[in-house]
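The values are calculated or read from the model by the stated rules, or taken from the named source; none is laboratory data. The shown structure was predicted, so the numbers you read here are calculated from the model rather than taken from an experiment. Neighbour counts run over all protein chains shown; Cβ positions are idealised from the backbone, glycine included. When the accessible area is computed, the model is the full protein with side chains, heavy atoms only, and any ligands, DNA or RNA have been set aside. Shrake-Rupley method; radii C 1.70, N 1.55, O 1.52, S 1.80 Å.
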Amino acid sequence: MRCKIPRLTLVGAGPGDPDLITRKGWKALQMADVVLYDALIHPDLLAETPSCVPKIYVGKRSGAHCASQREINQQIVEAAYRYGHVVRLKGGDPFVFGRGMEEIEYAKQKGIQHIEVISGISSSIAGPAAAGIPVTSRGFSTSFWVLTATTKDGDLAPDIQMAAQSTATVVLLMGIRKIAAIAALFSQFRDSSTPIAIIQNATLENQLSVVDQLSGVGERLDEIDIQAPGIVVIGEVVRLAELNCAQLMEQTK
């Protein structure tokens, strides 16, 4: 193993369903010498990786970090020099709030030059789609914003107020704990009847979708796991989820 060239491949695993990893990403997993994976990676993906390949958990969940980002960066470099080809398996897409660029820059600083990024399907698009919500649709929305809901200090991200004043579909990641404050802010700029959806475990068998209006979503929080990650979608396209559901029920009669 000592003669192997240190190499890093960042792979986006997609929104949750293991079948939604790209073909190129799956091939990279088969060629890995070691895999460093995140909290939201489906166990089936790890099971499909050769059993002789070490798999190291470096997940970060709200309030329960296995390792800091600095420690993860160090682990990537140490693994590359020890094993050779490191596949850094990240949920969604590595460059959509995945801190992928930080890991690349650190690896380059430490002398790793063979680096590749394999994009993944972002939960910001696939999550709403799994709930029957297109982020854009003619007559409903011609654009969409994807934002992180909070800053590293836990405050609402400043761009949210700008997004609230637009007519775009707004997709918020990492905002479940702030849903009441988010709904109140959007109600200042949009009609209180504007639909909002909360989606958890998107694309998985236990997917949960809660659809309501800005004025009523605060009363639905007992239906979701406030500690778990999720996706918030605000905008007129959310009404299409209800239409799709009604059509599906009609077809099954």
Discussion item. Exactly one of these conditions fails for Ala107: (1) of a type in the set (A, V, I, L, M); (2) modelled with pLDDT of 95 or more; (3) surrounded by fewer than 21 Cβ atoms within 10 Å (Cβ to Cβ). Give me its number.
Written reply: (3)
Discussion item. Looking at the structure I just gave you, is Ile112 under 20 Å from the mean Cα position of the chain (by Cα) and surrounded by 17 or more Cβ atoms within 10 Å (Cβ to Cβ)?
Written reply: no
Discussion item. Could you check region 205-219 and list, in sequence order, the residues that are open to solvent by 60 Å² or more (accessible area, probe 1.4 Å), outside any strand (DSSP E or B) and either in contact with a Phe, Trp or Tyr (Cβ under 6 Å, 6 or more places away or on another chain) or in contact (Cβ under 8 Å) with a residue 12 or more places away in the chain (or both)?
Written reply: Ser215
Practice prompt. Please find, among Pro50, Pro94, the residue that is more than 18 Å from the chain's Cα centre (by Cα) and in a loop (DSSP other than H, G, I, E, B).
Written response: Pro50
Worksheet item: Quick one: in region 152-176, which of the residues that are open to solvent by 20 Å² or more (accessible area, probe 1.4 Å) and hydrophobic (A, V, I, L, M, F, W, C) is farthest from the chain's Cα centre (by Cα)?
Response: Met162
Response to the item:
Counting only residues in region 53-64 that are more than 20 Å from Pro15 (Cα to Cα) and either modelled with pLDDT under 95 or among the small types (Gly, Ala, Ser) (or both), the one least open to solvent (accessible area, probe 1.4 Å) is identified as Ala64
Discussion item. Checking Arg99 against (1) open to solvent by less than 70 Å² (accessible area, probe 1.4 Å); (2) on the phi > 0 side of the Ramachandran plot, only one condition comes out false. Which one?
Written reply: (1)
Worksheet entry | Complete set of residues in region 65-97 that are among the aromatic types (Phe, Trp, Tyr), modelled with pLDDT of 95 or more and closer than 29 Å to Leu147 by Cβ | Phe95
Discussion item. Looking only at region 65-123, count every residue that is touching a Gly at 6+ places or on another chain (Cβ under 6 Å) and more than 24 Å from Arg23 (Cα to Cα) and tell me the total.
Written reply: 1
Worksheet entry | Count - residues of region 35-47 that are in a helix (DSSP H, G or I) and either surrounded by 15 or more Cβ atoms within 10 Å (Cβ to Cβ) or in contact (Cβ under 8 Å) with a residue 24 or more places away in the chain (or both) | 3
Practice prompt. Could you tell me which residue of region 133-151 is nearest to Ala241 (Cα to Cα), considering only residues that are in contact with a Leu (Cβ under 8 Å, 6 or more places away or on another chain) and open to solvent by 20 Å² or more (accessible area, probe 1.4 Å)?
Written response: Pro134
